[in-house]
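*Asks:* Here it is, the structure in full.
Nothing in this text is a laboratory measurement; each read-out follows from the coordinates by a stated rule. As the structure is a computational prediction, the values presented were derived from the model and not from experiment. Cβ atoms come from the backbone with ideal geometry, glycine included; neighbour counts cover every protein chain shown.
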Amino acid sequence: MSSDLSVVFTGIRFPNPFLLSSAPPTESDSNIMRAFDAGWGGVVTKTIGMHPVVNVKGPKTRFTAADYHTPHLSMKRRPESVLHSSWNWELISDKSLDWWLPRLEKIKKAFPEHVLIASIMAGSESDEELEHWRTLTKAVQDAGCDGIELNFSCPHMDREDMGSNVGKSARLCTLVNSVVKEVARVPFWCKLTPMTTDITIEAEAAFAGGAHAISSSNTFTSLPLVDPDTLEFEMNVEGYVSTGGLGGPAILPISLAKMAQMTQRFPDKEFSGIGGISNFEHALNYFLLGCGTVQVCTAAMLDQAIGPNVIRKLKEDMSAFLARNANRGWTKLDDFRGLLRNRIVPQSQIKRPEGRDYHGGHDAEGYAPQDEPVTVKEGE
Ligand SMILES: Cc1cc2nc3c(=O)[nH]c(=O)nc-3n(C[C@H](O)[C@H](O)[C@H](O)COP(=O)(O)O)c2cc1C
């Protein structure tokens, strides 16, 4: 039996659950059309805004690798090393809405069956800024986009009312989603920053405002490492650096922990998993937690800019996984989605060695009896 990789996520049908996330791989119409040709189930465009964007001088993204045989980590290209992470301080698209709109239309005309999600961002502390969210929403949906992703997650914004600063405020999460909801005719997802204490608070606020799904994670706030020879940050402009975003393999486990909090708290809601995905094994982690789609950035950037080999392998390996599990009756993602969601429990519920009770650090009645007292004899 041939496997069916298609999924329906927030009412949108995708040929497969693998998307390119909002980032350089989706920064132009030519990249996006190459990505569709290569087989990606959908793309989220590089974030489109209405404020002026001027990026830093010099490279905006670099990749840190770990040596095979020593603990050395560096951005320097060298043999015998393996990818650890990406680090970037790139802002959202520096192309205007007017630049994007005819291109979005062109992409949809050329690929009507492929899913195009527009990522958008505006400010949030004035009526004028909130109006920008409405303008962006209406414009991209009129251009034919199938859905929208609200960027509440860019970690290197100077403005207090934008990017991850919105994702850090439950009030703004509800407000901006409800403003978008007023005018949206297509599903909209909310990409939350992972840089908060309890992401379920912001997720709840976003759902309260009307978000159809949460995407997570964007990159984690971080610094590039210092080169011990030059005593300069490996990424800097004239010696100076600001915090930027860490992506790639290093963030897979921490991003999964954020996702698990949300899928457990909102088992009936929809989630798009992002962070550290290079292959199907990685994606499977997000699916088993309950995600209905996943998104890829760093791995695609390192594979001919849009990841033709990454998506080919993702699809092949998902088909092989379904074939291997056909005896369980699995034919599609929904048959195994969320299977491990409830296996994450408080530590106190994890079994102790036989005969030992544990009450979450407390004792049922007073202090727990000690093991054999430790006595240290003088001279020992
Ligand atoms: C250079 C670069 C630019 C990015 N630009 C955006 C952006 O414009 N909007 C957005 O929502 N996320 C942006 N991201 C975040 C990615 O979409 C993704 O959430 C993050 O890199 C984690 O995925 P990964 O581990 O597969 O890289 C960017 C990431 C990188 C590396």
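*Asks:* How high is the FRET efficiency between ALA326 and ASP268 when r is their beta carbon distance and R₀ equals 22 Å, given to the nearest 0.05?
*Replies:* Working: r = 28 Å, r/R0 = 1.26.
Taking R0 as 22 Å, the efficiency between ALA326 and ASP268 is 0.20.
*Asks:* Next question, about the same structure. Find the centroid of the Cα atoms in region 200-261 and in region 1-47, then give the distance between the two in whole Å.
*Replies:* When both Cα centres are located, 22 Å separates them.
*Asks:* With no solvent and one point on each alpha carbon, what is the Debye value of log10 I(q)/I(0) for the chain at q = 0.11, 0.12, 0.14 Å⁻¹?
*Replies:* Once normalised to I(0) and log-transformed, intensities are -0.79, -0.92, -1.20.
*Asks:* Let me ask something else about it. By the scheme Lys and Arg +1, Asp and Glu -1, what is the net charge of all other residues having a beta-carbon under 15 Å from that of GLU125?
*Replies:* Taking every Cβ under 15 Å from that of GLU125, the sum is -4.
*Asks:* Could you give me the radius of gyration and the Dmax of region 255-310, taking only the C-alpha atoms into account and expressing both in angstrom?
*Replies:* 12.0, 38
*Asks:* Now a separate question. With the calculation restricted to Cα positions, what are the radius of gyration and Dmax of region 188-302 in angstrom?
*Replies:* 16.0, 52
*Asks:* Now for a separate question. Measure out, as a whole number of angstrom, how far apart the alpha-carbon centroids of region 340-362 and region 119-147 sit.
*Replies:* Taking the Cα centre of each part, region 340-362 and region 119-147 sit 46 Å apart.
*Asks:* Along each principal axis of its Cα atoms, how long is region 250-375 end to end? Whole angstroms, biggest number first, please.
*Replies:* 63, 35, 28
*Asks:* Peptides 155-163, 229-237, 271-279: what's the order by average Cβ count within 10 Å, highest mean first?
*Replies:* Output ranking for 155-163, 229-237, 271-279: 271-279, 155-163, 229-237.
*Asks:* In the chain, what percentage of the DSSP-assigned beta bridges are antiparallel, given to the nearest 5? Could you put the intermediate results ahead of the total?
*Replies:* Numbers: 22 of 51 bridges.
Percentage antiparallel, nearest 5: 45.
*Asks:* Just rank LYS168, LYS191, LYS332, fewest to most, by other beta-carbon atoms within 10 angstrom.
*Replies:* By the 10 Å Cβ count, ascending, the order reads LYS332, LYS168, LYS191.
*Asks:* Additional query: Run the helix sum for the chain: -39,500 (n - 2.57) per DSSP H stretch of 4+ residues, divided by residue count, reported at 222 nm to the nearest 500 deg cm²/dmol.
*Replies:* Calculated at 222 nm, the ellipticity per residue is -9000 deg cm²/dmol.
*Asks:* Further question: Can you tell me the 0 to 90 degree angle between the C-alpha axis of helix 199-209 and the longest principal axis of the chain, rounded to 10?
*Replies:* Tilt relative to the chain: about 30 degrees.
*Asks:* In nm, what is the difference between 0.36 nm times the number of residues separating HIS69 and SER319 and their Cα-Cα distance?
*Replies:* Values: separation 250, 0.36 × 250 = 90.00 nm, distance 3.47 nm.
Separation in residues times 0.36 nm, less the Cα-Cα distance, equals 86.5 nm.
*Asks:* Of LEU339, CYS145, PRO59, whose Cα points farthest to the positive end of the dipole of region 7-343 (charges on the beta-carbon: +1 Lys, Arg; -1 Asp, Glu; origin at the Cα centre)?
*Replies:* Result: LEU339.
*Asks:* Compute the angle between helix 280-289 and the longest alpha-carbon principal axis of the chain, please, reported from 0 to 90 degrees and rounded to the nearest 10.
*Replies:* 80 degrees
*Asks:* Helix 170-183 against the longest principal axis of the chain: what's the angle in degrees, Cα atoms only, rounded to the nearest 10?
*Replies:* It is inclined by approximately 30 degrees.
*Asks:* Among ALA283, ALA206, ALA66, which one moves the most in a GNM of the chain with springs linking Cα atoms closer than 10 Å?
*Replies:* Result: ALA66 has the largest fluctuation of those listed.
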